[in-house]
Amino acid sequence: MLGPVILAASRSDAMRRFVSAAPGTKQVVNRFIAGETVGQVVEVVQKAAAQGLEATLDVVGEDITTPAEAAAARDAYLELVDHLKGLGLGSKAEMSIKLSMFGQALEGGHELALANVRPVVEAAAEIGTTVTLDAEDHSTLDSMFAIHQELRKDFPQTGCVIQSYLFRTEDDAARLAADGSRVRLVKGAYNEPDTVAFQSKAEIDKSYVRILRILMEGSGYPMVGSHDPRLIAIGQELARRAGRKMDEYEFQMLYGIRSEEHVRLAAEGHRMRVYTAYGTDWYGYFMRRLAEKPANLLFFLRSMITKG
């Protein structure tokens, strides 16, 4: 029940100031954010690669209010590409992008976001990696999917994200699976109304399994975004039934959550990619991590009490 309240707080400037100043915040943020600079996150990627793990890198920040800020977000990703160039990790270090950060919500935002994201996708392809477009709230998805489709004309490896809590997603999955694209399936982490989204965990989980079956039985490349042991086991079974080899799908989990499971799956021969966020504008990303799981919120509150 606290999830929607926390997600609403993620849009509050007053709450942003309070959380940023709270004792213990930095300790908890460091659990989910790999660093503030590109140099710090590159070190994390190298250490993960030594453990057999892959990464998808997210420069945090979504509340863009001007075209100049959107251009700065683009440039931050281009800087990341420059740093990745010398690592020789290829597709083991891809990038995740929220189009809101590239100006999607501004006037003429669809065209602006496409213009800003294209050079990042081009630069990523030049160093042997790719980009996945993150899903945000339901009102942004038609634009995201249209940009995804446009980018795939020249860069077919471009991925996208779909969310099991939305009613529309089974239809989206069927279209994307047939199209052969790379698709990450997650439960969803935005405060969506009951007119467009399932509200109970049980319904969201059932939807997740239905959609994952569509992806596994399709011709695309499924990316199973979940920390839930039951859904991970179901994903393995659905892949087996679909006749997929271990390199024909992958698991994805967030940096700082179930890290031992990351290593275990990789050791078993699965492709295991860690969603690794970094940067200074961490607030929105951090609040969604708190909203997703009560244990994350309890960890934060304990840290505040301890530091207080």
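The values are calculated or read from the model by the stated rules, or taken from the named source; none is laboratory data. Model, not experiment: these values are computed from the prediction. Ideal geometry is used to build each Cβ from the backbone, glycine not excepted, and the neighbour counts take in all protein chains shown. All accessible areas refer to the heavy atoms of the entire protein, side chains included, with ligands and DNA or RNA removed. Shrake-Rupley method; radii C 1.70, N 1.55, O 1.52, S 1.80 Å.
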*Conditions: (1) open to solvent by less than 30 Å² (accessible area, probe 1.4 Å); (2) within 20 Å of the chain's Cα centre (by Cα). Gly109 meets all but one. Number of the miss?*
(2)
*Of residues in segment 112-127 being farther than 21 Å from Leu84 by Cα and out of contact with any Gly (no Cβ under 8 Å at 6 or more places or on another chain), the one most open to solvent (accessible area, probe 1.4 Å)*: Ala115
*Do the conditions hold for Glu260, that is, is it open to solvent by 80 Å² or more (accessible area, probe 1.4 Å), out of contact with any strand residue (DSSP E or B) (no Cβ under 7 Å at 6 or more places or on another chain), among the acidic types (Asp, Glu) and modelled with pLDDT of 65 or more?*
yes
*Name every residue in segment 134-155 that is part of a helix (DSSP H, G or I) and among the hydrophobic types (A, V, I, L, M, F, W, C), in order of residue number.*
Leu141, Met144, Phe145, Ala146, Ile147, Leu151
*Residues in segment 142-153: is at least one open to solvent by 10 Å² or more (accessible area, probe 1.4 Å) and in contact with a Leu (Cβ under 8 Å, 6 or more places away or on another chain)?*
yes
*Could you pull out the residue among Asp172, Asp194 that is on the phi < 0 side of the Ramachandran plot, modelled with pLDDT of 95 or more and in a loop (DSSP other than H, G, I, E, B)?*
Asp194
*When segment 110-141 is examined, which residues are found to be in contact with a Leu (Cβ under 8 Å, 6 or more places away or on another chain) and either small (Gly, Ala, Ser) or free of Cβ contacts under 8 Å to residues at least 24 places away in the same chain (or both)?*
Ala113, Ala123, Ala135
*So which strands (runs of 3 or more DSSP E) stay within segment 43-133 end to end and still have 3 or more residues that are of a type outside the set (Val, Ile, Thr)?*
54-59, 93-97
*Can you tell me which residue among Glu43, Glu94 is acidic (Asp, Glu), modelled with pLDDT of 90 or more and open to solvent by less than 70 Å² (accessible area, probe 1.4 Å)?*
Glu94
*Find all pairs meeting these conditions: Cβ atoms under 6 angstrom apart; at least six residues apart or on different chains; first residue within segment 240-253 and over 22 Å from Met95 (Cβ atoms) and of a type in the set (A, V, I, L, M, F, W, C); second residue assigned to a loop (DSSP other than H, G, I, E, B) and open to solvent by less than 60 Å² (accessible area, probe 1.4 Å).*
Met246/Gly269; Met246/His270
